[in-house]
Amino acid sequence: MGAAAQAVGAYQADGAFVMRAWAAANSETLVRYISAYVEGRRWALDPANRAEAIQLLADRLKLSPEVAAQSYAVAVDSADSIAKDARFDMEGFKNVLKLRAEIEGQWGGTPPAPEKYLDLSYYDKALAGL
């Protein structure tokens, strides 16, 4: 069927979300979480870990080794691969908001500014510490 991004354009498909008040009250925990997430993503994308990553996919998701290898290849090798360092795709997020406005009718059909929903300062702190 193909990648969604081929059909709809840039798309921020994954992410983690917290309320701003929680982030402010737990900033050290949040930065550590993001750091660990980025380190995990770096590990998964490192070609030296390919065999072990595929085995983890097979074991944890109960996939055949062939399907796990194909899934890994799509995740790391294609134009729509997993974002390096879990980098946020602003254009992809703008498109998510646009699609929700168009398809679901949210916000009266007009997407809001993406900055309303995000604060990348915790991500920036986490990346700076790695």
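The values are calculated or read from the model by the stated rules, or taken from the named source; none is laboratory data. What you are looking at is a predicted structure, and each value in this text was computed from that prediction instead of being measured. Positions of Cβ are backbone-derived with ideal geometry, glycine not excepted, and every protein chain shown enters the neighbour counts. Please note that ligands, DNA and RNA were not included when accessible areas were found on the heavy atoms of the full protein model with its side chains. Shrake-Rupley method; radii C 1.70, N 1.55, O 1.52, S 1.80 Å.
Taking region 30-82 as the range and being more than 27 Å from A10 (Cβ to Cβ), touching a Phe, Trp or Tyr at 6+ places or on another chain (Cβ under 6 Å) and among the aliphatic types (A, V, I, L, M) as the test, only I54 passes. Can you say whether S35 is modelled with pLDDT under 95, small (G, A, S) and assigned to a helix (DSSP H, G or I), as far as the supplied structure shows? Considered against the rule, which asks whether it is modelled with pLDDT under 95, small (G, A, S) and assigned to a helix (DSSP H, G or I), S35 comes out as no.
Every condition in (1) of a type outside the set (G, A, S); (2) open to solvent by 30 Å² or more (accessible area, probe 1.4 Å); (3) at pLDDT below 95 holds for K125 except the one numbered (3). Summed over region 15-51, the residues that are of a type outside the set (A, V, I, L, M, F, W, C) and exposed (fewer than 11 other Cβ atoms within 10 Å of the Cβ) give a count of 3.
Selection within region 12-32: residues that are among the small types (G, A, S) and within 19 Å of the chain's Cα centre (by Cα). The member of this set that is modelled with the highest pLDDT is A23. For region 77-122, a residue qualifies if it is open to solvent by 70 Å² or more (accessible area, probe 1.4 Å), more than 16 Å from R42 (Cα to Cα) and either in contact with a strand residue (DSSP E or B) (Cβ under 8 Å, 6 or more places away or on another chain) or assigned to a helix (DSSP H, G or I) (or both), and the qualifying residues are E91, K94, K98, R100, E102, I103, E104, W107, G108, E115, K116, Y117. Would you check if A51 is of a type in the set (A, V, I, L, M) and under 17 Å from the mean Cα position of the chain (by Cα)? When the stated conditions are applied, A51 does not pass them. When region 55-66 is filtered for residues that are open to solvent by 60 Å² or more (accessible area, probe 1.4 Å) and of a type in the set (A, V, I, L, M, F, W, C), the ones remaining, listed by number, are L56, L61.
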